[in-house]
Amino acid sequence: MIIGGIIFIAAYFGARVLNEKALKHLSLEQKGELITAFSKTRIWSMVILVVIILGFLLLTNFVKIDSKLNTLAYFGALLLYMLVLNIMTQVRLRKLQFPAEYIRLNMYAMLLRYLGLVAVVLSLYDMMVTNLSALEKTI
């Protein structure tokens, strides 16, 4: 779990650095256009993210469901959410004719975020399997 967490943090830090580098390829006008073009997306994407998180918490606390299945469904929903949002972002950036270098660095940052999420999911899965195996040996 620790290695997955370290990879996750490193990936998100690296993605942030790439995003900052990417912003250097935009003019002030393009930076303003970026904020304007994605203002509605930021709002509704936050609502969807809250629904995913609340769904996970509700299923965890109030519905008798296998914790492995619930956790995998949660991270699967997060991955799908990220994928759809990232595809929409890339399409919109190309449509608005942002510089190719900005789009390229933005895409690398997205890929790093996916790497971080996959590392956490694999670590959690490994931890759950290990804990279940240890539990079964005691029974």
Problem set entry | Residue under evaluation residue 75, criteria (1) assigned to a helix (DSSP H, G or I); (2) loosely packed, with under 13 Cβ neighbours inside 10 Å; (3) not β-branched (Val, Ile, Thr), criterion not met | (2)
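Determine which member of the set 50, 120 is within 28 Å of residue 7 (Cα to Cα) and in contact with a helix residue (DSSP H, G or I) (Cβ under 6 Å, 6 or more places away or on another chain). Break it down into steps so the answer makes sense when it comes.
Working: 50 fails: in contact with a helix residue (DSSP H, G or I) (Cβ under 6 Å, 6 or more places away or on another chain).
Just one listed residue meets the conditions, 120.
Tally time: how many residues in the stretch 18-50 are assigned to a helix (DSSP H, G or I), surrounded by fewer than 16 Cβ atoms within 10 Å (Cβ to Cβ) and not basic (Lys, Arg)? Can you show your working first?
Of all residues in the stretch 18-50, those assigned to a helix (DSSP H, G or I) come to 18-23, 28-37, 39-50.
Then drop every residue that is not surrounded by fewer than 16 Cβ atoms within 10 Å (Cβ to Cβ), which leaves 20-21, 23, 28-29, 31-33, 35-36, 39-44, 46-50.
Restricting the remaining residues to those that are not basic (Lys, Arg) gives 20, 23, 28-29, 32-33, 35-36, 39, 41, 43-44, 46-50.
Total satisfying the criteria: 17.
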For this session: Considering every residue within the stretch 80-96, establish whether at least one is at pLDDT below 90, more than 20 Å from the chain's Cα centre (by Cα) and either farther than 19 Å from residue 18 by Cβ or surrounded by fewer than 13 Cβ atoms within 10 Å (Cβ to Cβ) (or both).
Result: no
Exercise. Going by the conditions given, is residue 10 closer than 24 Å to residue 126 by Cα and either in contact (Cβ under 8 Å) with a residue 24 or more places away in the chain or surrounded by 11 or more Cβ atoms within 10 Å (Cβ to Cβ) (or both)?
Worked result: yes
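How many residues are among the basic types (Lys, Arg) and surrounded by 10 or more Cβ atoms within 10 Å (Cβ to Cβ) when one looks only at the stretch 55-72?
Here is the first cut: in the stretch 55-72, the residues among the basic types (Lys, Arg) are 64, 68.
In the following step, the residues that additionally are surrounded by 10 or more Cβ atoms within 10 Å (Cβ to Cβ) were identified as 68.
Residues flagged as among the basic types (Lys, Arg) and surrounded by 10 or more Cβ atoms within 10 Å (Cβ to Cβ) within the stretch 55-72 amount to 1.
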For this session: Assess whether residue 3 counts as being touching a Ser or Thr at 6+ places or on another chain (Cβ under 9 Å), assigned to a helix (DSSP H, G or I) and closer than 12 Å to residue 115 by Cβ.
Result: no
For this session: Residue by residue through the stretch 88-103, note down the ones that are touching a residue at least 24 places away in the same chain (Cβ under 8 Å), part of a helix (DSSP H, G or I) and either at positive phi or not β-branched (Val, Ile, Thr) (or both).
Result: 88, 92, 101, 102
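The values are calculated or read from the model by the stated rules, or taken from the named source; none is laboratory data. None of the values given here were measured: they were computed from a predicted structure. A quick note on method: Cβ atoms are made from the backbone with ideal geometry, for glycine too, and the neighbour counts reach across all protein chains shown.
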